[in-house]
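To start, the structure under review is shown below, and the notes come after it.
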Amino acid sequence: MERMIYQELLAWKNSPHRKPLLLDGPRQVGKTWILKEFGKNEYNKMLYINCDNNPSLEGLFRDYDMNRIFRMLSALTDVSVTKGDTFIFLDEIQELDRGIAALKYFCEEAGEYHVAVAGSSLGVKMNQGTGFPVGKVDKLHLEPLSFKEFLLAYGKKNLVSYMETAKYSELIDLKEMFVDLLRQYYYVGGMPEVVQNYMETQDLKQVRKIQKSILSDYERDFSKHAPKEEVPRIQMVWNSIPGQLAKENKKFVYGVLKSGGRAKEFEKAIVWLMDAGLIHKVNRVIRMKKPIKFYEDMKAFKLYLSDLGLLGAMTDVSAKDVLVNPSVFEEYKGSFTEQFVAQQYFAIRTDGLFYYTNENSTCEIDFVMQGEDVFAVEVKAEENLRAKSLKSMLQKENELKGWRFSMSNFREEERFVNVPLYLCGEWMSAYFEET
C-alpha cells in the first residue's frame, strides 16, 4: 500500500540534521506498517521492538546510558546495532516509562543512529506531563488514506500519474470514472485495514464490520486512556459529531450535547479527542486577511472526524445509498462533502484550516486557507451552483482569492478557480507544495 509519507521518511533519513523521528497519528492508520516497510526497504538491518506490555523492557530507561541501552536492545532482538546501517524502531513508545523523554538523549548522545518511534494517543500521553523533548525530535504525522492514496491502493497508478500532470481540464473525459471511485471512497474511507480488505474482497458488509470494530476499539480507548471523570463527556462529544455536521450551520453547539451544555464542561473532552487524533477542530475567523491567525475566533468552531468511512459507519449510511443513489452527493452534502475536503486537507497539512462567518451569520465560507494568498473555499456537492457567499466576498475583499470544490468541471477565472471535488486533494497538495 503506497503512502505519500514515504518520501518524507526518505528525506528524514538523508537529512544531515536528522533527529530521532516521532510518527504520530490516530490508531490504526498504518504507522507501524509504514515504518516497518521503510526499515525493511531502506536499511540493511532493522531492530524492531513493541513496547506495549513488554516486561523485558522494564527499566530500559532507568538511566540514559546509551551504550547500555543499545546493548540491551541488541540482546533482546538479536540484531547488532551499527551506525547508519540499522533502523531502530520502538513501537508504542508511550507505554514505556520515560520512553518519550529518552528521545532527548538519543538526539544528544546518539545522533548518528537512525531511531524512530510511533504510538497511539501520543498527543494524550505528551499532555500528561511525560517531559516531551522539545527541539530534540523530528515529527511526522500520518492520517487515514487520502483519495489519491485510495486510488493507488486500487491499482489506478496511471490515473494518479495523469492527475499529477495538473492538466485538470483534460480530465473531464474521465469524470464518470472519478465519480464512481469517489463514491467508493465515501463508503470505504481511508483506514488501511478497511481499504486493504475492500481491495481484496470487494465485500461491502465486511467493510462495515471492520469499520464498526475500529469504532469499538476507539471507544474502549476512551476508558483505557482518558481520565475516568472525562469518559462520559468524551463519549457525548464523539457521538454528537455526525449530527453536528449534518446541521445547515455546522458550528459545534454545546447545547446539542445536553440542555444548558457549556464550553467549560466539555472543552477537556474535545481536547482529549484532538490529542488522540480522532477529530480535527476547525476554528472560525472573523476576517479573511493575512496573517489569518490574527483573526481567529477560538470560541466558534467545527469538528470533523479523522475518516470519512468511519463517519458513514457511525451514521449507518447504507452501501446502496452511497454507491447507487444518483443524488448521493447532494443528499449527504453537509456532513460527507465537507468531511471529505477536510480529510484531504489534513492528509497534507496538520493545521491552518479555518472557516468564516460574519457577525450575524448571514454569510458563511466553508473553509479558509492561507498560503502565499488567503483563499476562501466553497464546497458544493452538486453541479448546479447558485450560492452567492463566495462571489460577494471576492467583490468585497480585493486581496482575497477563491476556490470552489464542486461536481462541476474545472474552470479558472481571475481570482477564482472551480476544481472538481474528486481533484481537490491533488489541487491543494500541488499548491501547498509550491508555497
Practice problem: Mind pulling the angle between the C-alpha long axis of helix 175-188 and the longest principal axis of the chain? Nearest 10 degrees, somewhere in 0 to 90. | Solution: 50
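Sorted from fewest to most neighbouring beta carbons within 10 Å, what does the list E2, E399 look like? Intermediate results must be reported in sequence, preceding the final value.
On the way: E2 14, E399 10.
Placing the least packed residue first, the sequence is E399, E2.
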Practice problem: Taking every Cα atom in segment 5-141, find the radius of gyration and the maximum pairwise distance Dmax, and write them in Å. | Solution: 13.6, 37
Exercise. In Å³ and rounded to a whole number, note down the convex hull volume per residue for the Cα atoms of the chain.
Key: 156
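What list do you get for L278, L23 if you sort them by fewest beta carbons within 10 Å? Mind showing how you got there, number by number?
On the way: L278 22, L23 26.
The fewest-first ordering by Cβ neighbours comes to L278, L23.
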Quiz item: Roughly how many nanometres apart are two label points built 7 Å out from the Cα toward the Cβ at K268 and V256?
Solution: 2.4
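So, R0 is 25 Å and r is the distance between the beta-carbons of L10 and D78; what FRET efficiency does that work out to, to 0.05?
Details: r = 27 Å, r/R0 = 1.10.
The formula returns an efficiency of 0.35 here.
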Exercise. For each pair in K40/K148; K136/K268; K380/K401, compute the distance between the two Cα atoms and list the pairs where it is over 20 Å.
Key: K40/K148; K136/K268
Quiz prompt | Cα point-scatterer Debye curve for segment 212-327, base-10 log of I(q)/I(0) at q = 0.16 Å⁻¹ | solution = -0.84
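Quick one: work out the % antiparallel among DSSP beta bridges in the chain, nearest 5. Show your work: numbers first, answer last.
Details: 17 of 48 bridges.
Among the beta bridges of the chain, antiparallel pairing accounts for roughly 35 percent.
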Quiz item: Order of Y185, Y64 from fewest to most other C-beta atoms within 10 Å?
Solution: Y64, Y185
Quiz item: Between N398 and M1, what is the label-to-label distance in nm when each label sits 7 Å out along the Cα-to-Cβ direction?
Solution: 5.0
Quiz item: So how far apart, in nm, are the two label points at D373 and K281 if each is 7 Å from Cα heading toward Cβ?
Solution: 3.1
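Can you list which of the trypsin sites (Lys or Arg not before Pro) found in segment 134-235 are DSSP loop residues with at most 11 other C-beta atoms within 10 Å?
K167
Per DSSP helix of 4 or more residues, -39500 (n - 2.57); summed, then divided by the residues of the chain. What does that give at 222 nm, rounded to the nearest 500? Mind dumping the intermediate values first?
Working: 18 runs with 181 residues, N = 435.
So the calculated ellipticity at 222 nm is -12000 deg cm²/dmol.
Where a number appears in this text, it was derived from the coordinates with a stated rule and is not lab data. Since this is a predicted model, take the numbers as computed values, not measurements. Virtual Cβ from ideal backbone geometry, glycine too; neighbours counted across all protein chains shown.
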